[in-house]
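S.K.: Pasting in a structure now, in structure tokens, and then I'll have a few things to ask.
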Amino acid sequence: MMLMILFKDALIFTFDENKPFKSGNILVKGDVIEHIYFEDKKINGYKEINCSGTVALPGFVDAHTHLIQSFGRGLMENMSLTQWLEHIWQYSLDPESSYYSTLLGAIEAIRTGTTTVCEMITECTAPDKVVQAIKNSYLRGVVSLAVSDFQEGEHTPLVSTDKAAERTKSFIEKYHNSSEGRITTKISPVGLPAVTIELLKISKSLADRYNVGLHLHACEGKIQTERSKERFKKSEIEVLYENGILQENTQLAHVIWVTKEDMLLLSKTKTSVVQCPSSNIKLIDGITPISDMMDIGINVALGCDGAASSSSYDMLIEGRLSSFLQKLDKQNADALSPMQVMKMLTINGAKAANLKNVGIIKPGWKADIVFIDIDQPHIYSPNPNALLANIIFSAKGSDVKMTVINGNIVYKDGEFLLFDAKEIFRRGEELLEKTTNKSSF
Ligand SMILES: [Zn+2]
């Protein structure tokens, strides 16, 4: 018989502007939310967990990340994107370190409320180890193998176009819809500055053939975007559009240096945009014009990017920074409300990742739920709108009390319940020491 768990007495987030929270009980059966009871009802045959003093939110969807980079954290500081790229291109880990670097990133993500990661596997000679780490962490994963076939800089890790196509193909065949559907795949020509038109065309035809989406970097740095324009005599977004890359199942990370015309193309094709505020601030990339994008109906989500640039895998930080950046950039204190940020952290991310029935706490939807401890001076308010504002502008990842992914309680009250996190830290630290000592990145 499938395990049933009743998460009792939580304030459940509703997405309703007038009543953002409703007190109730969530019944989870297997990997799905079976029912939500707003009244006290006697039911039998379930395990009960007391959730009073918490809000239940849909789990956060990190719509663009590189968990593999967690061993590079702190080693590539004080650099602009152009300098940083030359360093990250030389970041290379052995298979065991690739596994632990990803797993430590996954643990941090789960600890801070992330339930899905869109992991674009870059700079990696052991992609299987990255997928294995995500699988073993119990995260939901939309994984893609980044490939490049054009020399963007001195150290760009490139392969031939044929090889890039072959690797992409075998990666998808191996991992799409694996781990009982918890792992899905996308196709990642890494970004226009490092790929050829031929690879774009092949990527599009593979996406069609396997019915999977695309996940690319786009218009991240000003210099890189200008170089692309010189190379193709048109904007990066126009080149992607003309080669069929823009579509509903495509997510583009960053998308900072775009014109109004570019944004109209994104809107017309229903392409999703993923802003990565911490990474964009630290590498001084610029600010994604997300308010303008939302005004014309573009789906905008959030991502932590890799810790080698952003320094953390805590989605609440990204949500907060995203709102602050828009307020300042637009000189409009009303820009990007807590409700909009909450959507970006959850349902918009699920949409970008092309995940069905993920991102809302609703019967029949996947049981990806994060519980935040609100009985604390920096969060608690009897006013529901203030409570929502406090979660977005004041709560920290460490305020997460419990993370449920696909119906599994993965993290609760400081403990990881499904794996030996202490042992993972121990081996992870050993490998990190070894890697850091011999590396120059
Ligand atoms: Zn990235």
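Every number here is computed from the coordinates shown, using simple stated rules; none is lab data. Everything numeric here is computed off the predicted structure, so don't read it as measured data. So basically every Cβ, Gly included, is an ideal-geometry build from the backbone, and we count neighbours across all protein chains shown.
S.K.: Need one number: % antiparallel among DSSP beta bridges in the stretch 60-352, to the nearest 5. Before the final figure, lay out the partial values.
M.R.: Working: 1 of 32 bridges.
Roughly 5 percent of the DSSP beta bridges within the stretch 60-352 come out antiparallel.
S.K.: Please list, by residue number, everything in the stretch 115-136 whose backbone N is under 20 Å from a paramagnetic label point 7 Å out along Cα→Cβ of Phe425.
M.R.: Residues 134, 136 qualify, since their backbone N sits under 20 Å from the label point.
S.K.: When a footprinting reagent is the concern and you count Cβ atoms within 10 Å, what order do Leu418, Leu103 take, fewest first?
M.R.: On the way: Leu418 14, Leu103 25.
Exposure proxy ranking, most exposed first: Leu418, Leu103.
S.K.: In addition: List the chymotrypsin sites (Phe, Trp or Tyr not before Pro) in the stretch 16-59 that DSSP assigns to loop (not H, G, I, E or B) and whose Cβ has at most 11 other Cβ atoms within 10 Å. Which are they?
M.R.: On the way: sites: Phe21, Tyr37, Phe38, Tyr46; in loops: Phe38, Tyr46.
Sparse-neighbourhood loop chymotrypsin sites (Phe, Trp or Tyr not before Pro): Phe38.
S.K.: Starting from the Cα of His155, step 7 Å along the direction of its Cβ; do the same at Lys222; then give the gap between the two resulting points in nm.
M.R.: With each label point 7 Å from Cα toward Cβ, the separation is 2.5 nm.
S.K.: Sticking with this one: Mind giving me the FRET efficiency for Ser394 and Glu198? R0 is 35 Å, r the Cβ-Cβ distance, nearest 0.05 is fine.
M.R.: Once the sixth-power term is evaluated, E becomes 0.10.
S.K.: Give the angle, between 0 and 90 degrees and rounded to the nearest 10, that separates the Cα long axis of helix 161-175 from the longest principal axis of the Cα atoms of the chain.
M.R.: 20 degrees
S.K.: Simple spin-label model, 7 Å along Cα-to-Cβ: Asp162 to Ala333 in nm?
M.R.: 6.4 nm
S.K.: Another question, then. Taking the alpha-carbon distance from Lys47 and a cut-off under 16 Å, which aspartates and glutamates remain once sequence neighbours fewer than 8 residues away in the same chain are dropped?
M.R.: Asp9, Asp31, Glu34
S.K.: Asn357 label point, 7 Å along Cα→Cβ, cut-off 19 Å on backbone N: hits in the stretch 1-44?
M.R.: Counting only backbone N, you get 1-7, 26-37.
S.K.: For the chain, what does the helix formula give at 222 nm: sum of -39500 (n - 2.57) over DSSP H segments with n ≥ 4, over the residue count, nearest 500 deg cm²/dmol? Working shown, then result.
M.R.: Details: 16 runs with 167 residues, N = 441.
Per the formula, -11500 deg cm²/dmol.
S.K.: Ok, one more. Let me have the relative contact order for the stretch 123-196, percent, based on Cα pairs under 8 Å that are six or more residues apart.
M.R.: Working: 91 pairs, mean separation 28.7, N = 74.
RCO, the stretch 123-196: 39 percent.
S.K.: Roughly what angle does helix 421-438 make with the longest principal axis of the chain, taking Cα atoms, 0 to 90 degrees, to the nearest 10?
M.R.: 20 degrees
S.K.: Output the 0 to 90 degree angle, nearest 10, between the alpha-carbon long axis of helix 222-232 and the longest principal axis computed from the alpha carbons of the chain.
M.R.: 50 degrees
S.K.: Can you pull the Rg over Rh of the stretch 1-107, Cα-only, Kirkwood? Before the final figure, lay out the partial values.
M.R.: Details: Rg = 21.3 Å, Rh = 17.7 Å.
Result: Rg/Rh = 1.20.
S.K.: Taking 7 Å along the Cα-to-C-beta vector as the label spot, tell me the Lys434-Glu230 distance in nanometres, rounded to one decimal.
M.R.: 4.3 nm
S.K.: Sticking with this structure for a sec: Out of Ser144, Leu192, Thr161, whose Cα points farthest toward the positive end of the dipole of the stretch 128-204 (charges: +1 Lys, Arg; -1 Asp, Glu; placed on Cβ)?
M.R.: Ser144
S.K.: What is the magnitude of the charge dipole of the stretch 60-352 about its Cα centre, with +1 placed on the Cβ of each Lys and Arg, -1 on the Cβ of each Asp and Glu, and no other charges, expressed in debye to the nearest 20?
M.R.: Details: 29 positive and 35 negative charges, 125 e Å.
Here the size comes out at about 600 debye.
S.K.: Sticking to Cα atoms, compute the Rg of the chain to one decimal and its Dmax as the biggest Cα-Cα distance, whole number, in Å.
M.R.: For the chain, the Cα radius of gyration and maximum Cα-Cα distance read 20.9, 68 Å.
S.K.: With N set to the number of residues, divide the alpha-carbon radius of gyration of the stretch 317-441 by 2.2 N^0.38 Å and report two decimals. Mind dumping the intermediate values first?
M.R.: Values: Rg = 18.3 Å, N = 125, 2.2 N^0.38 = 13.8 Å.
So the Cα radius of gyration is 1.33 times the expected 2.2 N^0.38 Å.
S.K.: Continuing with the same structure: Give the aspartates and glutamates whose C-alpha is closer than 19 Å to that of Lys229, dropping any in the same chain fewer than 8 places away, or say none.
M.R.: Asp149, Glu152, Glu198, Glu220, Glu238, Glu242, Glu261, Asp262, Asp285
S.K.: Place +1 on the Cβ of every Lys and Arg and -1 on the Cβ of every Asp and Glu in the chain, take the dipole about the Cα centre, and give the residue among Tyr241, Cys51, Ser310 whose Cα lies farthest towards its positive end.
M.R.: In the chain, that residue is Cys51.
S.K.: Among 2-13, 362-373, 151-162, 220-231, how do they line up from the highest to the lowest mean number of other beta-carbon atoms within 10 Å? Before the final figure, lay out each step's value.
M.R.: Values: 2-13: 20.0, 362-373: 21.8, 151-162: 14.7, 220-231: 17.7.
Ranking, from highest mean packing down: 362-373, 2-13, 220-231, 151-162.
S.K.: For the stretch 189-259, what is the charge dipole size about the Cα centre, in debye to the nearest 20, if Lys and Arg each add +1 at the Cβ and Asp and Glu each add -1 at the Cβ?
M.R.: Dipole size: approximately 160 debye.
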